[in-house]
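The block underneath contains the structure these notes are about, expressed in structure tokens.
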Amino acid sequence: MTLANSTVVVLGATGNVGWGAARAFLKHGARVVAVSRNADQARELPAQLGAPDRVIGLAADMSTPEGARALAETLAARDIAFDHVFASMGPWWQKGPIVEQTGEEFRKVMRDNLDCHVFAAQALLPVLRRRPGASYTLVTGQGGHADIPGTGLLVVALGGVFALSRMLRAEHAKDPVRVNELLIRARIERAPRPGVTPSERFGESATTIAASTLRGQILRYDSPEQFESSLPG
């Protein structure tokens with residue numbers, strides 16, 4: 001399956017993971033709708049990604065149902081028919097034991113790491129549900145499976161994202177759209193340095209999934225070599 005002339009919505013495009021995915025999709029000839037919560041950053045994304053003629057920067061707060069619906073409505077109003085969604089959202093959090101956190105902090109972590117994924121799926125998956133060749137990739141992180149001190153609320157939120165992934169993959173198993181989870185177990189950064197995977201090299205995993213026939217899978221990413229060797233078939 002070719003990605004040339006397709007349109008991809010990248011959620012969290014200002015993060016290292018989303019930025020790398022957006023760059024890779026552009027390299028493969030796709031048009032990218034790069035989404036950021038921050039309006040100023042969204043305006044800068046077309047130039048930052050190096051392809052202003054093929055990038056549309058949009059601002060949307062995916063942590064609310066209204067914000068997610070507004071993005072879907074903007075895409076429809078601008079007649080942007082998208083083929084793939086790459087959902088990479090949620091900042092790292094490590095502020096201490098669960099019992100020491102306030103209710104406000106709990107809700108913030110849930111909004112930033114779980115709610116955004118739920119509302120994004122509700123707003124965007126129905127558009128892709130009956131589209132042959134379409135894909136929806138939900139990005140998760142190994143931190144949700146680890147007992148790292150001080151990350152309790154993040155682990156709770158990511159536990160919800162893992163459950164969301166399982167149910168979305170089950171609920172859309174017979175639909176044309178292919179829903180997969182990409183579980184990152186590596187450090188991804190834009191600038192190359194020892195011990196990290198450069199964002200752009202990581203981004204090839206996103207294009208591989210979108211251009212494949214994979215569906216209902218949890219694809220683990222430890223390194224470029226491991227990812228490529230572990231692909232089914």
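The values are calculated or read from the model by the stated rules, or taken from the named source; none is laboratory data. Small disclaimer: the values here were computed from a predicted structure and weren't measured. All Cβ positions, glycine included, derive from the backbone under ideal geometry; neighbour counts span all protein chains shown.
The strands (runs of 3 or more DSSP E) falling completely within the stretch 55-174 that include 2 or more residues that are over 18 Å from residue 14 (Cβ atoms) and touching a residue at least 12 places away in the same chain (Cβ under 8 Å) map to 135-141. Cβ-Cβ distances below 8 Å connect the following pairs, each with a first residue in the stretch 194-210 that is closer than 18 Å to residue 231 by Cα, a second residue that is buried (at least 18 other Cβ atoms within 10 Å of the Cβ) and among the hydroxyl-bearing types (Ser, Thr, Tyr), and a separation of six or more residues or different chains: 202/221; 205/221; 206/137; 209/135; 209/137; 210/6; 210/135; 210/137. Being among the aliphatic types (A, V, I, L, M), free of Cβ contacts under 8 Å to residues at least 24 places away in the same chain and farther than 16 Å from residue 84 by Cα is the requirement here; does residue 47 meet it? For residue 47, the condition - among the aliphatic types (A, V, I, L, M), free of Cβ contacts under 8 Å to residues at least 24 places away in the same chain and farther than 16 Å from residue 84 by Cα - is met. The one condition from (1) of a type outside the set (Lys, Arg); (2) in contact with a Gly (Cβ under 8 Å, 6 or more places away or on another chain); (3) under 19 Å from residue 84 (Cβ atoms) that residue 170 does not meet is (3). Checked against the criterion of being of a type in the set (Asp, Glu), under 28 Å from residue 179 (Cα atoms) and modelled with pLDDT of 95 or more, the stretch 29-46 contains not a single residue that satisfies it. Check whether at least one residue in the stretch 138-158 is within 15 Å of the chain's Cα centre (by Cα), hydroxyl-bearing (Ser, Thr, Tyr) and surrounded by 14 or more Cβ atoms within 10 Å (Cβ to Cβ), and report yes or no. Checked the stretch 138-158: at least one residue is within 15 Å of the chain's Cα centre (by Cα), hydroxyl-bearing (Ser, Thr, Tyr) and surrounded by 14 or more Cβ atoms within 10 Å (Cβ to Cβ). Please work out which one of (1) charged (D, E, K, R); (2) under 21 Å from the mean Cα position of the chain (by Cα); (3) farther than 20 Å from residue 214 by Cβ; (4) modelled with pLDDT under 95 is the condition residue 130 fails and give its number. Result: residue 130 passes all but (3). Taking the stretch 26-50 as the range and being in a loop (DSSP other than H, G, I, E, B) and either surrounded by fewer than 18 Cβ atoms within 10 Å (Cβ to Cβ) or under 16 Å from the mean Cα position of the chain (by Cα) (or both) as the test, the residues that pass are 29, 37, 38, 50.
Does the stretch 2-10 include one or more residues that are buried (at least 20 other Cβ atoms within 10 Å of the Cβ), under 29 Å from residue 193 (Cβ atoms) and within 14 Å of the chain's Cα centre (by Cα)? Yes, the stretch 2-10 contains at least one residue that is buried (at least 20 other Cβ atoms within 10 Å of the Cβ), under 29 Å from residue 193 (Cβ atoms) and within 14 Å of the chain's Cα centre (by Cα). Within the stretch 184-217, the set of residues being under 11 Å from residue 137 (Cβ atoms) and either aromatic (Phe, Trp, Tyr) or not in a loop (DSSP other than H, G, I, E, B) (or both) comprises 205, 206, 207, 208, 209, 210. Scoring residue 185 on the criteria (1) among the basic types (Lys, Arg); (2) in contact with a Ser or Thr (Cβ under 7 Å, 6 or more places away or on another chain); (3) surrounded by fewer than 18 Cβ atoms within 10 Å (Cβ to Cβ) leaves a single failure, condition (2).
Residues checked against (1) more than 18 Å from residue 9 (Cβ to Cβ); (2) touching a strand residue (DSSP E or B) at 6+ places or on another chain (Cβ under 8 Å); (3) buried (at least 19 other Cβ atoms within 10 Å of the Cβ):
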site	(1), (2), (3)
193	yes, no, no
198	yes, yes, no
206	no, yes, yes
213	yes, yes, no
216	yes, yes, no
223	yes, yes, no
230	yes, yes, no
